[in-house]
2 protein chains.
Amino acid sequence: MPGTTPSRGRTGRPPRTSRAQILEAAWRLIDRDGWQKLTMRRLAAEAGAAPTTLYHHVRDRDDLLTQLLDDYAARMPRPELPEEPRERVVAAATVMHDSLAAWPWIVEVLTAGDFIGDSALWFVEAIVQGAVECGCTPEQAVDLYRGLWYYTAGEILVRAGTARRRAERDADEGGVSVYDETVRRRIADSGLPHLSGLADRWPGLVTRETYPEGLRAFVDGLLSHARGGAA
Amino acid sequence: MPGTTPSRGRTGRPPRTSRAQILEAAWRLIDRDGWQKLTMRRLAAEAGAAPTTLYHHVRDRDDLLTQLLDDYAARMPRPELPEEPRERVVAAATVMHDSLAAWPWIVEVLTAGDFIGDSALWFVEAIVQGAVECGCTPEQAVDLYRGLWYYTAGEILVRAGTARRRAERDADEGGVSVYDETVRRRIADSGLPHLSGLADRWPGLVTRETYPEGLRAFVDGLLSHARGGAA
DNA sequence: ACCTGAACACCGTTCAAGT
DNA sequence: ACCTGAACACCGTTCAAGT
């Protein structure tokens, strides 16, 4: 659906390429073809401009990705968070996770490209605040945030990779997953007692959604260590 | 140092390109120029062959990366692990982390490309075994492994990205880190009370090595949840 | 069998030239 | 100002042809 944001005062003149139009075309392209297909040349075609025109609005490809990131961060939901500090931490991390899981490529850009968008700093604040209210020192609160971010980013990247791989390898076939069967056999043939015993159930076990449980376990562990629970 | 592994029975004949020679050249290239520079064409040049020759030994670029992965996995240290099951889990995860942190690109390939190499399955086994001996069900043990892997992969990817970014942006400058100063100011100007209060210390706080502490906290949290510690 | 050059269909980016 | 075509220096991969 092009032209969702109408250009005001449209005349007969050739359309000028605006920053907003470029970002709009980029989202359209990502939606339709996946973010791997977001190249400067394809984006230019989608926006109806010459490839070189883009360089009047973005410094380079990295800058484009950063702008897309900020655009997305500005759209992220900002729900009311629970008063209770531990629940506040869990809720903030969950929002962060769910927002990013919808667009795993954002995390790839985040880790490879630039810093988190300013408008997404609020949940860092929420997590640090919750941790401090739970009795953490500022250092411990930042460590807690970092741990949760590593866990969250890793979960999204690993699961997105697995999902893509399964989809690619099973694209031709119908019915049973060739990918799952390959993995099952490798586990079964590993000669490792615990793994091979679980081989038949492995594909099911590793696709279960376990982020929320892991998050709560991690938060509890980090808070109890901060309170002196560690050796 | 080319030709570390001498080709047996060298004659006057033009050297045949072997799988081992290709992998050797690939490691040399990665060591020297970074893994981003590992292209088929550059690899061919490094190996002293035509680009097209590579396709006799690898199916495509993905296959090359998978072979490099297996090559690396086969070299990973396999230390004796502690008897005590909780320490066994921690030790196995630490080996996994330290091995991969030396070559963060491996994790990128792992998440984007193919499954973990067969020869690296032993520490999955070690973690699952330790968890079971701690009283976990097989499901819980696999969940625990997955959680630790997400945390580990995320830590490596995020920190490698930050380090590379800082290095790139500070390449020209000497002395004070421009990158650190940029981040400091963004935190300070965020208007978020806890974050802006920490702005001056932020660069130091987020570069600290906290993997080991986070790991122990996560393991404790997961084990205590598995024992019914959760709500 | 093993290797190759030429070719195809792409990239990101620069820059002088057009309006 | 804003946009462009031509060009540069790359990619991964295929394929018919050479030895």
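The values are calculated or read from the model by the stated rules, or taken from the named source; none is laboratory data. This structure is a prediction, so every number in the text was calculated from the model and none was measured. Virtual Cβ from ideal backbone geometry, glycine too; neighbours counted across all protein chains shown. The accessibility values were calculated without ligands, DNA or RNA, using every heavy atom of the protein model including side chains. Shrake-Rupley method; radii C 1.70, N 1.55, O 1.52, S 1.80 Å.
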Name the helices (runs of 4 or more DSSP H) wholly inside region B:136-231 in which the number of residues that are touching a residue at least 60 places away in the same chain (Cβ under 8 Å) is 3 or more. B:138-169, B:211-224
For region A:30-83, which residues satisfy the criterion of being in a loop (DSSP other than H, G, I, E, B) and within 16 Å of DNA strand D (Cβ to nearest atom)? A:THR39, A:GLY48, A:ALA49, A:ALA50, A:HIS57, A:VAL58, A:ARG59, A:ASP60
Within region A:16-41, how many residues turn out to be away from DNA strand C (no atom under 13 Å from the Cβ) and open to solvent by 50 Å² or more (accessible area, probe 1.4 Å)? 6
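Of these, B:ALA101, B:ALA44, B:ALA93, which one is within 16 Å of DNA strand C (Cβ to nearest atom) and modelled with pLDDT of 90 or more? Break it down into steps so the answer makes sense when it comes.
Numbers: B:ALA101 fails: within 16 Å of DNA strand C (Cβ to nearest atom); B:ALA93 fails: within 16 Å of DNA strand C (Cβ to nearest atom).
Going through B:ALA101, B:ALA44, B:ALA93 in turn, the sole match is B:ALA44.
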Of all residues in region B:135-172, which are modelled with pLDDT of 95 or more, among the polar types (S, T, N, Q) and open to solvent by 10 Å² or more (accessible area, probe 1.4 Å)? B:THR137, B:GLN140
Can you confirm whether region B:94-103 contains a residue that is within 12 Å of chain A (Cβ to nearest Cβ), out of contact with any Phe, Trp or Tyr (no Cβ under 7 Å at 6 or more places or on another chain) and buried (at least 19 other Cβ atoms within 10 Å of the Cβ)? yes
